[in-house]
Amino acid sequence: MRDCWNFYTSNDVLVLNNSGKGNIQSLIDNWPNKTYPVSIQTADVLELPQWYKEEEYLSHFTRAIDGPYSDESHSMWHKKLVRLDPHSRHTSERVLFKIVYEQKLRASSTTIRGGHKMVSFTAVPLDKWPQLRTFRSHRRRWDFAPFGICINQAWLSNKVAKVRYGNEDTWQGLTDSQRPYFQSNGERIDWTVEQEYRHKGDLDLSAIPPEDAIVFVATDADRDFIQPFSPWPVKLFDGLVDIPKVHPIL
């Protein structure tokens, strides 16, 4: 019954491995227009690339989303909630899975003055993240969570711009083309520690070679879940920063 319900409520079923018999095969036979065999070549990088060792990269971290994805309507998300659809749970690892599967970073205007849709990166090296990880209660989210992707800065160099931090006078002095890259210094919170870069609009990741990006996750289970779909290596966050640490539930 559970397998039947999952098939019925899913838009697509990606088949990684199947015995070819039993209940699952019967469901595949009954819904052939929903099922797609998947064969994805996984990345195999044994040693960390030089750009990572020399901290010449930018990173994008993912957070749990208490609401619909940016490309999902509220009504669609509400229907998933009512059906108890597991895809309605937008946890940090599922947000990261969506990025890897689509090979796209989707822009958002959340917290961006002027409503510009941007993709944010940080130049802070991963080994500095544990000191910066904090829960922003006013935004109901974790910053510097152990889920995301590092990208060789050479690949991103002509696609992103460094954020200009400042105050109201700084904002008033910017041109329309500069304003999407503005960020307040902050009063109670010092936002300059994020060392932010931004890309305007969605960012297509499909052209990034396997050696120019590293996906990072918190646990072995997260890695096993995401790696079959990733053209880039998926590493444990703690392994990349060489720290034994227990992460909060995100």
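Miscellaneous remarks
- Cross-link pairs beyond the 20 Å C-alpha cut-off, checked among Lys159/Lys235; Lys53/Lys117; Lys104/Lys200; Lys53/Lys200; Lys98/Lys128: Lys159/Lys235; Lys53/Lys117; Lys53/Lys200; Lys98/Lys128
- Stretching the chain fully between Leu236 and Asp127 yields a gain of 38.0 nm (0.36 nm per residue, less the alpha carbon separation).
- Segment 96-111 and segment 203-238 have their alpha-carbon centroids 14 Å apart.
Read-outs throughout are calculated quantities, based only on the coordinates presented, and are distinct from any laboratory measurement. These numbers come from a predicted model, not from an experiment.
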